[in-house]
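Visitor: Following this message is one structure expressed as structure tokens.
No value in this document is a laboratory result; all are computed from the given coordinates. Just so it is clear, the structure is predicted and the values come from calculations on it, not from any experiment. No Cβ is skipped: glycine too gets one built from the backbone with ideal geometry, and neighbour counts run over all protein chains shown.
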């Protein structure tokens, strides 16, 4: 699918035919589509001026000397596909956080800085997270830590430690991953035993 920018969408000129789509109605939707593409391009996170479904269901009056329906339909189909793909991606991000595997956690590395989180403490706790994820991945009930504990975890600051922002981001993703598994277990009526 070729990319369509907001600027390109606003500049498209449709040919006219003996009887075609009402020009005013088409132009109004064209502007809405251009605005929607602009929101997508800037990743503004706000509601789209027009949704993919609204583009798909769009209808126009027919007029003498209106826009050629084939030209307009091709533009709408292209716009629908692009907006629909964006909506699916945004929906997936909203409901499915990026999850980690135990293998990815085991391979996780952090930058060493002048002052940061105590390295040995972080390494030991990361090992607990690895063990917990392996338990979930293999169906073991007993885990070393859980999402709530990860969210509360604090580390001492030491000279030559791990970069705090990297460890914090890692803990956030680990907590989301553990919560995902915990929710799955609850939905299947299982319980996990987390060590303090």
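Visitor: For a quick protection proxy, order the peptides 102-112, 177-187 by their average other-Cβ count within 10 Å, most packed first.
Guide: My ranking of the peptides, most packed first, is 177-187, 102-112.
Visitor: Please work out the FRET efficiency for the pair residue 120 and residue 152, using the Cβ-Cβ distance as r and a Förster radius of 30 Å; give the result to the nearest 0.05.
Guide: In this case the efficiency is close to 0.95.
Visitor: Convert 4 °C to kelvin, take the viscosity as 1.567 mPa s, use the Kirkwood radius over C-alpha pairs of the chain as Rh, and evaluate the Stokes-Einstein diffusion coefficient in µm²/s, rounded to a whole number.
Guide: This corresponds to a translational diffusion coefficient of 62 µm²/s.
Visitor: While we're looking at this one, here's another question. For Cα pairs less than 8 Å apart in space and 6+ apart in sequence, what is the mean separation divided by the residue count of the range 6-95, i.e. the relative contact order in percent?
Guide: That works out to 40 percent.
Visitor: Which parts of the range 32-56 would a label at residue 87 reach, counting a residue when its backbone N lies under 18 Å from a point 7 Å out along Cα-to-Cβ?
Guide: Inside the label zone: 32-41, 43-56.
Visitor: How high is the relative contact order of the chain? Use alpha-carbon pairs under 8 Å, at least six apart in sequence, and give a whole percent.
Guide: Reported relative contact order: 20 percent.
Visitor: Here's another thing I want to ask about it. Taking the alpha-carbon centroid of each part, what is the distance from the range 125-187 to the range 54-92 in angstrom?
Guide: 45 Å
Visitor: Run the Debye formula on the Cα coordinates of the range 102-194, all scatterers equal and no solvent, and tell me log10 I(q)/I(0) at q = 0.11, 0.17, 0.25 1/Å.
Guide: Debye intensities relative to I(0), on a log10 scale: -0.32, -0.69, -1.26.
Visitor: Can you tell me the mean projection area, over all orientations, of the convex hull of the range 110-163's alpha carbons? Units nm², please.
Guide: So the Cα hull casts an average projection of 3.8 nm².
Visitor: Over its Cα atoms, what ratio of radius of gyration to 2.2 N^0.38 Å does the range 6-95 give?
Guide: 1.14
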